[in-house]
Amino acid sequence: MARVAAEARSARERESDNLGVLEIVAKCSQCDAGLPVRAADAPAAIKCGRCGTEIPISISDGVREDRAVDRCPVCGGGDFYIRKDFDPKIGLAVVVIGALISGVFYWFGKDLVAYGILGCAALIDLVVYGRLGDVTVCYRCHSEFRGAYRRTAPGFDLHTADELELEYERKIGRR
Ligand SMILES: [Zn+2]
Ligand SMILES: [Zn+2]
């Protein structure tokens, strides 16, 4: 029991230590599995837990020191975009729960209350969305970067994505 508490505490301490440490989710080039890597103590290569592919990791100084995502450690690319760190499942859950509750009120003829609840669910989604941090994503291999570094990448551009993904997939022989 005490051990569990101690472990929980040290997990929390580790978490606060992580402030200023850039976290990478490296995408396996073969099976697209997401592999978490800490930039500060990243190994020279990681092995995909799903398909066993060895993925060489080459961290730039900017990434290791959480200053800037300038070069992708997985594919070597230098093109990134920013997106909100949003889990669509959570957003959907809020809307579905809101719709269910408002359905009950609607059933009992309280349609104003029902619309109010639907509106609240949409509002909660908006607020949650607005408070989210940004995650930087590599155009080529879709690896993700989370840290305290300054976000300099532009928003997502479909045209750029098409070109760079094609180039990358040719390079690794998937097309
Ligand atoms: Zn894999
Ligand atoms: Zn990449």
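No value in this document is a laboratory result; all are computed from the given coordinates. This is a predicted model, so every value here is computed, not measured. Note that we place each Cβ from the backbone using ideal geometry, even for glycine, and neighbour counts take in every protein chain shown.
What tally of residues in the range 139-153 results from selecting those that are more than 17 Å from residue 37 (Cβ to Cβ) and among the aromatic types (Phe, Trp, Tyr)?
Adding up the residues that qualify gives 1.
Counting only residues that are in a helix (DSSP H, G or I) and within 14 Å of ligand 2 (Cβ to nearest atom), how many does the range 28-79 have? Before the answer, list the steps.
Start the filter on the range 28-79 by keeping residues that are in a helix (DSSP H, G or I), which leaves 61-64.
Applying the additional criterion that residues be within 14 Å of ligand 2 (Cβ to nearest atom) yields 63.
Qualifying residue count for the region: 1.
Which numbered condition trips up residue 105, out of (1) assigned to a loop (DSSP other than H, G, I, E, B); (2) in contact with an Asp or Glu (Cβ under 8 Å, 6 or more places away or on another chain); (3) over 30 Å from residue 24 (Cα atoms)?
For residue 105, the exception is condition (1).
Of all residues in the range 114-159, how many are assigned to a helix (DSSP H, G or I) and either touching a residue at least 40 places away in the same chain (Cβ under 8 Å) or surrounded by 15 or more Cβ atoms within 10 Å (Cβ to Cβ) (or both)?
8
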